[in-house]
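Each value in this text was obtained by applying a stated rule to the coordinates, not by laboratory testing. Quantities reported herein were computed from a predicted structural model and do not represent experimental measurements. Neighbour counts run over all protein chains shown; Cβ positions are idealised from the backbone, glycine included.
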Amino acid sequence: MSSEKKRVQFRAPHRLVDRADALATVFGSDRTDVLVTALREYLQEATHDDELKQEIAAAYYDDEITFDQLSDLVGREEAANFRVLKRQLEDGYTDELADL
């Protein structure tokens, strides 16, 4: 995982932030650590959901996300499979196969 960091800002309900602060106190860490861990775990779990994987694949097929973004979300091997399927879905590819 990259050690580069990117600053982000967002608004969240007070109750949610208060809970994150309380958990940070329990762990002896800070709010950022709690939020980064929660986000990392959410992304890990979400990308193992088959329905969400199909949405991610559709976004890749429609060129809404790049191959690198796809790889970050579903892993290199599965991304490579989606790339093969995308190529097969391209108009010219089926014509190429028909000519063989």
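In table form, for the structure just shown:
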| read-out | value |
| --- | --- |
| Residues within segment 1-56 that are of a type outside the set (K, R) and either under 30 Å from F82 (Cβ atoms) or in contact (Cβ under 8 Å) with a residue 60 or more places away in the chain (or both), tallied | 26 |
| Meets criteria (over 26 Å from D72 (Cβ atoms) and either in contact with a helix residue (DSSP H, G or I) (Cβ under 7 Å, 6 or more places away or on another chain) or surrounded by 12 or more Cβ atoms within 10 Å (Cβ to Cβ) (or both)) for A20 | no |
